[in-house]
Amino acid sequence: DAKTTQPPSMDCAEGRAANLPCNHSTISGNEYVYWYRQIHSQGPQYIIHGLKNNETNEMASLIITEDRKSSTLILPHATLRDTAVYYCIVMAWEYGNKLVFGAGTILRVKS
Amino acid sequence: EPEVTQTPSHQVTQMGQEVILRCVPISNHLYFYWYRQILGQKVEFLVSFYNNEISEKSEIFDDQFSVERPDGSNFTLKIRSTKLEDSAMYFCASSDGLGPSGANVLTFGAGSRLTVL
């Protein structure tokens with residue numbers, strides 16, 4: 001079962017930052033936080049991951065609280081194409097480990 | 001950018017027929033996965049595969065399902081006798097087991113939609 005809690009849906013205005021929260025209060029020390037998204041039944045797409053430090057890449061930023069019990073995915077300038085289901089997943093780093101998807105957050109970006 | 005390729009994109013079959021879904025993982029990847037998503041539901045893990053054998057499988061992956069890596073590039077999912085409830089999107093994924101910061105990042109294909117009538 002998924003070890004994370006996410007709001008079922010969120011809205012965001014186009015051009016504004018989208019901040020997607022995730023609660024993972026039972027995370028273990030060797031578990032990473034991963035974010036994937038799924039645009040309209042396409043295959044899930046990797047966004048970003050982190051262990052304990054904040055991370056940034058060309059798609060997004062990931063802010064992990066100091067106690068690692070929650071995190072926030074930030075899309076700095078959301079566009080209509082960012083409308084998707086966003087999944088927060090915690091997973092221990094092991095060779096070939098599988099992702100377990102929850103229900104995710106439906107993000108609707110509106111013009 | 002390297003991608004995972006799946007064929008067919010859509011297959012319609014009659015109940016009881018055998019179906020083979022094909023995947024071409026990213027060439028230097030070593031770990032392979034099949035997931036499925038029934039319309040309106042979560043993405044569910046089916047099976048993982050490494051070194052020519054199944055690493056892990058879910059309860060969904062019963063005797064009707066099998067996977068194979070018949071050559072150096074393809075990875076297939078076979079459903080022996082399809083049921084109505086097998087109608088779903090099937091996603092293949094692959095990973096090199098490592099990635100930035102040594103974490104396991106999966107790359108997914110676009111999916112194969114299976115419709116069982």
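The values are calculated or read from the model by the stated rules, or taken from the named source; none is laboratory data. Source: prediction; values computed, not measured. Neighbour counts run over all protein chains shown; Cβ positions are idealised from the backbone, glycine included.
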Conditions (1) touching a residue at least 40 places away in the same chain (Cβ under 8 Å); (2) in contact with a strand residue (DSSP E or B) (Cβ under 6 Å, 6 or more places away or on another chain); number of the one not met by B:Lys57: (1)
Leading residue by the ranking (farthest from the other protein chains (Cβ to nearest Cβ)) among those in region A:70-100 that are among the aromatic types (Phe, Trp, Tyr) and crowded, with 19+ Cβ neighbours inside 10 Å: A:Tyr86
Selected residue (criterion: farthest from the other protein chains (Cβ to nearest Cβ)) from residues of region B:15-38 that are in a loop (DSSP other than H, G, I, E, B) and modelled with pLDDT under 95: B:Ser27
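Yes/no per residue for (1) within 11 Å of another protein chain (Cβ to nearest Cβ); (2) of a type outside the set (Asp, Glu); (3) under 13 Å from A:Phe101 (Cα atoms); (4) surrounded by 15 or more Cβ atoms within 10 Å (Cβ to Cβ):
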| position | (1), (2), (3), (4) |
| --- | --- |
| A:His24 | no, yes, no, yes |
| A:Ile27 | no, yes, no, yes |
| A:Tyr36 | yes, yes, yes, yes |
| A:Pro44 | yes, yes, yes, yes |
| A:Ile48 | yes, yes, no, yes |
Some residue of region B:88-106 being outside any strand (DSSP E or B) and of a type in the set (D, E, K, R): yes
Unmet requirement for B:Gly111, which otherwise passes all of (1) touching a strand residue (DSSP E or B) at 6+ places or on another chain (Cβ under 7 Å); (2) surrounded by fewer than 20 Cβ atoms within 10 Å (Cβ to Cβ): (2)
Sole residue being touching a strand residue (DSSP E or B) at 6+ places or on another chain (Cβ under 8 Å) and loosely packed, with under 14 Cβ neighbours inside 10 Å, chosen from B:Pro8, B:Pro25: B:Pro8
Criterion violated by B:Asp62 - all others in (1) out of contact with any Leu (no Cβ under 8 Å at 6 or more places or on another chain); (2) within 13 Å of another protein chain (Cβ to nearest Cβ); (3) free of Cβ contacts under 8 Å to residues at least 12 places away in the same chain; (4) not polar (S, T, N, Q) satisfied: (2)
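Here's the yes/no breakdown for (1) at pLDDT 95 or above; (2) aromatic (Phe, Trp, Tyr):
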position: A:Arg37; (1), (2): yes, no
position: A:Gln42; (1), (2): no, no
position: A:His49; (1), (2): no, no
position: A:Lys52; (1), (2): no, no
position: A:Ile63; (1), (2): yes, no
position: A:Leu75; (1), (2): yes, no
position: A:Tyr87; (1), (2): yes, yes
position: A:Leu99; (1), (2): no, no
Filter result for B:Thr76 (assigned to a loop (DSSP other than H, G, I, E, B) and at pLDDT 95 or above): no
Pairs where the first residue, in region B:71-96, is basic (Lys, Arg) and the second is surrounded by fewer than 21 Cβ atoms within 10 Å (Cβ to Cβ) and part of a loop (DSSP other than H, G, I, E, B), C-beta under 6 Å, 6+ apart: B:Arg80/B:Glu18; B:Arg80/B:Gln64
